[in-house]
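K.L.:
Sending over a structure as structure tokens; questions will come in a sec.
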């Protein structure tokens, strides 16, 4: 009887089931520990600061849902997102940003054959934290971290769609749809990536370029939805059905910096129809001075933003000086491509400080106790590491594309390298040409090159070990 009981299938299965449950529990515990560690690492700048990092523009975003108005280059949607974090002193916002990046990094690893390795994910995040700008943007109350989030989401929808579940696919689309209205440069970047990949797909059919299998329909739909949400979100939050304003103002600022506007004024003035003629004797020479200095013509002419005169300047100067325009734009794009030092504002945050004082008096004392407000700290010393690592990683991506077959890398990594390269180029053109070169604009994205290079190195190491182990098993068998 005892033998019969022992021989029952259920009796034999129980120990195996128990072992399986224990294995799942252990894996779950390991992933929980690794995930919490990743979150802490990503939030380390804010934890050290004692408050989420701010920027001079942070207050401008928060003003949008509070005042119910559109602001130059300040997304109402991202402002509403920040507004939801007020009860948590904005910690909720950066925890969500860190959780988003954690999920995207883990999902990217999984869809490239590196899944199920929590310590690898933690190790790569730790590497990125030390060698790149990623944690500084993750822990900041700015939409900058949504740029790389949208790039990773686009990459997986386009090149790794077959590896995704339905829920993952829709979640990635939601990231793109939210990121695009959060910053108009992000919207332009996403459109640029999709159009560039479409062009490469068409060229690959003509055998002009080699491209991994790509699926564009769903990704393009997400980008279209993101574009549509730009005016819709502004209308829902401020009552204005319009894109976030300021595009022409930032462009004129870059034309001021390149000397194109003052040349045009010197050629055309005096002209009673041009109000800028009154300021030619003391004209600004840089974009920031034009846009933000209280004594600049842009600020003194309070209705200049969006005026007919402002909108006419880019086209009029393009007709008058086409070669100057072309060379200045190319120079600006190239300069932005190689301008990516990590920067955090600590000396010019007065607009955000004043906004916090006016609107959040209960939170203000705690806000002012943060290191960013009480001490002069700057991540600039980290650029001794961040800048060369990013430059090397960009070169490594180019080398990986050229030598992928020799290295034995699967096509998925070519898709990743292409997406990151397109994102960096699109961002450099959009920000350099339509604004002006600023470290922050490119540094928010350049860490993706380091991430991609680290993934490739990890894949080569893991698969080399697999090969060695397989060879060892064959030797033992023989």
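K.L.:
With the contact rule set at Cα under 8 Å and sequence spacing of 6 or more, what percent relative contact order holds for the chain?
P.N.:
20
K.L.:
Apply 1/(1 + (r/R0)^6) to the Cβ-Cβ distance of residue 232 and residue 311, taking R0 = 41 Å, and write down the FRET efficiency to the nearest 0.05.
P.N.:
Working from the Cβ atoms, E equals 0.95.
K.L.:
Tell me the label-point distance for the pair residue 204, residue 319, using the 7 Å Cα-to-Cβ offset, in nm and rounded to one decimal.
P.N.:
4.3
K.L.:
Could you put 162, 169 in order, starting from the residue whose Cβ has the fewest other Cβ atoms within 10 Å?
P.N.:
162, 169
K.L.:
Please pull out the direction-averaged projected area of region 191-340, using the convex hull of its alpha-carbon atoms, in nm² to one decimal place.
P.N.:
Taking the Cα atoms of region 191-340, their convex hull projects to 12.8 nm² on average.
K.L.:
Once label points are set 7 Å from the Cα along Cα→Cβ at both residue 457 and residue 269, what is their separation, rounded to one decimal in nm?
P.N.:
Each label point is offset 7 Å from its Cα along the Cβ direction, giving 5.4 nm.
K.L.:
Return the Rg/Rh value of region 274-360, two decimal places, where both radii are evaluated on C-alpha atoms and Rh is the Kirkwood radius.
P.N.:
Radius of gyration over Kirkwood radius for region 274-360 works out to 1.05.
K.L.:
In which sequence would 21, 413 go, from the one with the fewest C-beta neighbours within 10 Å to the one with the most? Spell out each step's value before the answer.
P.N.:
Values: 21 10, 413 24.
Least to most surrounded, the residues fall as 21, 413.
K.L.:
Using a 7 Å offset from the Cα along the Cα-to-Cβ direction at both residue 371 and residue 392, what is the distance between the two label points in nm, to one decimal?
P.N.:
According to this spin-label approximation, the distance is 2.6 nm.
K.L.:
Set the Förster distance to 22 Å, then compute FRET efficiency between residue 171 and residue 32 from the Cβ-Cβ distance, nearest 0.05. The partial results should precede the final answer.
P.N.:
Working: r = 20 Å, r/R0 = 0.92.
Calculated transfer efficiency: 0.65.
K.L.:
Can you tell me the FRET efficiency between residue 347 and residue 96 if r is taken as the Cβ-Cβ distance and R0 is 30 Å, rounded to the nearest 0.05?
P.N.:
Values: r = 28 Å, r/R0 = 0.94.
Taking R0 as 30 Å, the efficiency between residue 347 and residue 96 is 0.60.
K.L.:
What ranking of 235, 61, 81 emerges when the number of other C-beta atoms within 10 Å of each C-beta is taken as an exposure proxy, fewest first?
P.N.:
Placing the least packed residue first, the sequence is 235, 81, 61.
K.L.:
To continue, here is another question. Report, in deg cm²/dmol and to the nearest 500, the calculated mean residue ellipticity at 222 nm for the chain, where each DSSP H run with n ≥ 4 adds -39500 (n - 2.57) and the sum is divided by the residue count.
P.N.:
Numbers: 25 runs with 343 residues, N = 478.
Value at 222 nm, helices only: -23000 deg cm²/dmol.
K.L.:
Multiply the residue gap between residue 295 and residue 119 by 0.36 nm, knock off their C-alpha separation, and tell me the result in nm, one decimal place.
P.N.:
Gain on stretching residue 295 to residue 119: 58.0 nm.
K.L.:
If contacts are Cα pairs under 8 angstrom and at least 6 residues apart, what is the relative contact order of region 321-478 in percent?
P.N.:
Relative contact order comes out at 38 percent.
K.L.:
Report the extension gain between residue 240 and residue 359 in nm, rounded to one decimal, defined as 0.36 nm multiplied by the number of residues separating them, less their alpha carbon distance.
P.N.:
This chain segment gains 40.6 nm when fully extended.
Since every read-out is calculated from the coordinates, none of them should be taken as a lab result. All values reported here derive from a predicted model rather than from experimental measurement. Neighbour counts run over all protein chains shown; Cβ positions are idealised from the backbone, glycine included.
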